[in-house]
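Worksheet for the structure shown next.
The values are calculated or read from the model by the stated rules, or taken from the named source; none is laboratory data. Computed from a predicted structure; not experimentally measured. Cβ: placed from backbone, ideal geometry, glycine included. Neighbour counts: every protein chain shown.
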Amino acid sequence: MQDKLTDEPARLAALGRYGILDTAAEGAFDTITNLVRTVLGVPMAAVSLIDESRQWLKSHPGVGVSETPRDIAFCDHTIRAPGPMIVPDAQRDARFAANPLVTGDPGISSYAGVPLTTPDGYNIGSLCAIDTRPREYDPGQIAFLTALGALVIEQMELRNMAERDFLTGALTRRAFIADVDKKISLFERHQRPAALLLFDIDRFKRINDSFGHPVGDKVIRALADLCTALKRPNDSLGRLGGEEFGLLLPEIGEAEAIRAAERYLAAIRALEVDHDPPVQFTASFGVAVLTGSHTTSGAWLEAADAALYAAKHAGRNRVAATTVPNVQVA
């Protein structure tokens, strides 16, 4: 256990596998934190996750902020031990007496936190109860908090299982849009560039009508497998519905994104799906880079969808971009 408490790169990797940072509020987590508040009689509770430099709160009823620097987070102390951390009176605790979360908002006076431990043994955050007055927590309350902490991890595991499309292994639409939201958040905080590619199979109905739906499914799987093999490790592939897919490309601008789309387009053209005779098909791509006007996932997806429509309208089997429309692929 001690090795996993001190192996920070592996701990961060374990956290990253959940893909939960910077995602929107979710009812399942809010239900747990509200139970903590009700049963323990505290004004604040949180599901807190610790990344490299900050504490980010997935659920935080009663707490007025969604993140803090890591170096002032009570949770950062909680993840360094295998069991609960109890602070009955923060003002009398040398570790926290001068902490700005104690001396200022939200005025923490007492804290009870249990580590959120992944199935492979890494503490990625905590479930905590916070009060604005000094107090003790009895063993029954800590046992209750510990049980709910296990439920938080279970919910995160279930969330991961629900984020993969059964047919292709690509992200589901919900999971892909959550990734889009994270890239928008990074752009707003740190101006990190990203590009969104939307694409679909040209005249897919004709494939289903000519060869049958089982062959149509094989075509969709083959397309997803090809894109998975071609994409970079940090790129995200999502199946948005039917024969429509999305690729999220971090850290690139429009020119690079168009070149990437052209590479995918050429590879799709050359692909043959096993059948008698072999099935070949094409796709159309819309490209939209992230800008300050894309403040929501819906706005960014709409921009890429408009480019995809332009590619379809111009004859299919090509790439179009929002600011460089109808980029023809030779």
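Is segment 66-86 home to any residue that is on the phi > 0 side of the Ramachandran plot and touching a Ser or Thr at 6+ places or on another chain (Cβ under 8 Å)? No, that holds for no residue. Say whether the condition of being hydroxyl-bearing (Ser, Thr, Tyr), closer than 29 Å to LEU12 by Cα and at pLDDT 90 or above is met by at least one residue in segment 136-148. Yes, the conditions are met somewhere in segment 136-148.
One line per residue, one yes/no per condition, for (1) in contact with a Leu (Cβ under 8 Å, 6 or more places away or on another chain); (2) of a type in the set (S, T, N, Q); (3) part of a helix (DSSP H, G or I):
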| site | (1), (2), (3) |
| --- | --- |
| ILE207 | no, no, yes |
| SER210 | no, yes, yes |
| PRO214 | no, no, yes |
| LYS218 | no, no, yes |
| ASP225 | no, no, yes |
| THR228 | yes, yes, yes |
| ASN234 | no, yes, no |
| ARG239 | yes, no, no |
| LEU247 | yes, no, no |
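Among the residues of segment 254-297, those identified as in a loop (DSSP other than H, G, I, E, B) and surrounded by 22 or more Cβ atoms within 10 Å (Cβ to Cβ) are LEU290, HIS294. Scan segment 227-236 for residues that are surrounded by fewer than 21 Cβ atoms within 10 Å (Cβ to Cβ) and either charged (D, E, K, R) or touching a residue at least 12 places away in the same chain (Cβ under 8 Å) (or both) and jot them down. Passing the criteria: THR228, LEU230, LYS231, ARG232, ASN234, ASP235.
Is it the case that some residue within segment 12-32 is β-branched (Val, Ile, Thr) and either closer than 15 Å to TYR111 by Cα or modelled with pLDDT of 95 or more (or both)? Yes: one or more hits. Filtering ARG95, ARG173 for residues that are within 31 Å of the chain's Cα centre (by Cα) and charged (D, E, K, R) leaves a single hit, ARG173. Take segment 301-316 and flag every residue that is in contact with a Ser or Thr (Cβ under 8 Å, 6 or more places away or on another chain) and either closer than 14 Å to LEU197 by Cβ or not assigned by TED's automatic domain parsing to the domain that holds ALA288 (or both). Passing the criteria: ALA303, ALA304, ALA306, ALA307, LEU308, ALA311.
Of the residues THR132, THR117, only one is assigned by TED's automatic domain parsing to the domain that holds GLN55, without any contact (Cβ under 8 Å) to a residue 40 or more places away in the chain and not basic (Lys, Arg); which? Exactly one residue qualifies, and that residue is THR117.
Taking (1) within 18 Å of ALA25 (Cβ to Cβ); (2) surrounded by 23 or more Cβ atoms within 10 Å (Cβ to Cβ) in turn, GLY64 satisfies each apart from (2). Checked against (1) among the polar types (S, T, N, Q); (2) on the phi > 0 side of the Ramachandran plot; (3) in the same structural domain as ALA90 (by TED's automatic domain parsing), GLN191 passes all but a single condition, namely (3). Any chance segment 159-180 includes a residue that's surrounded by fewer than 18 Cβ atoms within 10 Å (Cβ to Cβ) and farther than 30 Å from ALA261 by Cα? No, there is no match, as no residue in segment 159-180 is surrounded by fewer than 18 Cβ atoms within 10 Å (Cβ to Cβ) and farther than 30 Å from ALA261 by Cα. For first residues located in segment 247-260 and over 20 Å from ASP225 (Cα atoms), partners that are part of a helix (DSSP H, G or I) and of a type outside the set (Lys, Arg) and lie 6+ apart or on another chain with Cβ distances below 6 Å do not occur. Summed over segment 1-53, residues that are in a helix (DSSP H, G or I) and among the charged types (D, E, K, R) total 6.
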